[in-house]
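The values are calculated or read from the model by the stated rules, or taken from the named source; none is laboratory data. The structure displayed is predicted, hence computed values, not measured ones. Note that we place each Cβ from the backbone using ideal geometry, even for glycine, and neighbour counts take in every protein chain shown. Side chains included, ligands, DNA and RNA excluded: accessible areas come from the protein's heavy atoms. Shrake-Rupley method; radii C 1.70, N 1.55, O 1.52, S 1.80 Å.
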Amino acid sequence: DKHTLLEALLAAAGIRAYPVLISSARRIDPDVPSPAQFDHRMLVVPTGTDTKDWIWLDTSTEVAPFRMLAARLRGKLALVIPTGGSHVGAAPARLMETPEDPPSRQIQQIRVTGRVSRLGKLTAHVHYSMTGDNALTLRMAFHRTSPTDWKQLGQLLSLNDGFRGEVTNVSASNPAQTRKPFEVDYEITQAKFLDWSRKDPELILPLPSIGIPAVPDRAAGGTGALQLGSPLEVDVRASIELPRGSGVHLPVPVNIARDYATYRSSYSSRDNMVTAVRHVVFIQREIPPELLADYLAFARALRMDEAQNVAVETKALPPRPPKD
């Protein structure tokens, strides 16, 4: 119904749109001409002779940015059904491939700002700013959920990123403001985050793990390329205040550059504030079989860096207070 309405509105504005049938679950088989292969309907607006310029639209996502298709619908064959006319592009129904990538760069930024008390309690503010596939997932989730239940979404988001603790004050930007990155904020507290009673306490940096595709068994055996998906940039940063008088030994920074991806990290401290930055950019859509061993080494180095903690010295700390 949404697509029928959009098609009628476009027609009223003098814009022709073609119905599109596609499978959201799998790739269709061109040798099996059956309507049973399709389970989803979209629209495409023919704009010029080059089909790369055609505008694909899917109203079912409701809050997707202009020309944004969900990942499950991209890079797939779809049946385009011209609705008559003699203009450029009018032709019998035919199979066309949907765009492989989102219409704009995929960027994920996560900022964690907090403090650790003398009793080891973490109190932090977490801020997300995203574009691309993950942003679309969050937009849809917050759009379809009552604000009274946003705390549950925030809790699920924090758990998915590896944070443990109580989430409160969850807020989000307007999902319908699709020209801007989607933003989510929440506060999180976690008791006993840092164990000061240990001889050599370590601060586990409260940063989400960067999701990187794992090499499946068949690819590890050299039988196929590893699909990375659309290019993606992820930047995560944490600034954590320790009790005054704390001393720290920072992790070793890492800097790796490959044709398919880059990764760098940096760690610094000033007074009693520790700052950590991790940044990864996936450049290519896939890793060819001959580079899988190199990619495994790249992924291993990234994971080893994520496992680094900050060693904390406690000799200069004042006596611990009786309560937090």
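Structure data summary
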| item | result |
| --- | --- |
| Radius, Kirkwood style, for the stretch 1-133 when every pair of distinct Cα atoms is counted (Å) | 17.3 Å |
| Simple Cβ-charge dipole of the chain, Lys/Arg +1 and Asp/Glu -1, about Cα centre, in debye nearest 20 | 820 debye |
| Exposure ranking of 66, 163 by accessible area [1.4 Å probe, largest first] | 66, 163 |
| Selection from 18, 147, 247 lying farthest towards where the dipole of the chain points positive, charges on Cβ | 247 |
| Residue range of the chain that is longest and free of GluC sites (Glu not before Pro) which are both DSSP loop and sparsely packed (at most 14 other C-beta within 10 Å) | 101-324 |
| The chain, Rg to Rh (Cα coordinates; Rh as Kirkwood inverse mean 1/r) | 1.07 |
| Estimated vicinal HN-Hα couplings, Hz - the stretch 65-70 in sequence order (Karplus 6.51, -1.76, 1.60; Gly, Pro = x) | x, 4, 6, 7, 9, 4 |
| Under the Debye formula (equal points on every Cα, no solvent term), log10 I(q)/I(0) of the stretch 151-269 at q = 0.09, 0.11, 0.18 Å⁻¹ | -0.41, -0.61, -1.22 |
| Distance histogram for the stretch 11-50 (every C-alpha pair counted, 10 angstrom bins, percent rounded to whole numbers) | 25, 39, 28, 7 |
| Radius 14 Å from Cβ of residue 154, net charge of other residues (Lys, Arg +1; Asp, Glu -1) | -4 |
| Where the chain is the region considered: accessible area per residue in Å², 1.4 Å probe | 53 Å² |
| Percent accessible area from carbon and sulfur atoms, the stretch 1-103, protein chains only, probe 1.4 Å | 57 percent |
| Percent carbon-and-sulfur accessible area, the stretch 142-250, ignoring ligands, DNA and RNA, probe 1.4 Å | 48 percent |
| Residue 304/residue 149 FRET efficiency (R0 41 Å; Cβ-Cβ; nearest 0.05) | 0.60 |
| Top of 36, 70, 176 by mean-square fluctuation, Gaussian network on the chain, Cα under 10 Å | 36 |
| Kirkwood hydrodynamic radius of the stretch 101-224, from inverse mean 1/r over distinct Cα pairs, in Å | 16.5 Å |
| Amide hydrogen neighbours beyond the local backbone of residue 55, cut-off 5 Å, H modeled | 45, 47 |
| The stretch 6-147, relative contact order [Cα under 8 Å, separation at least 6], % | 18 percent |
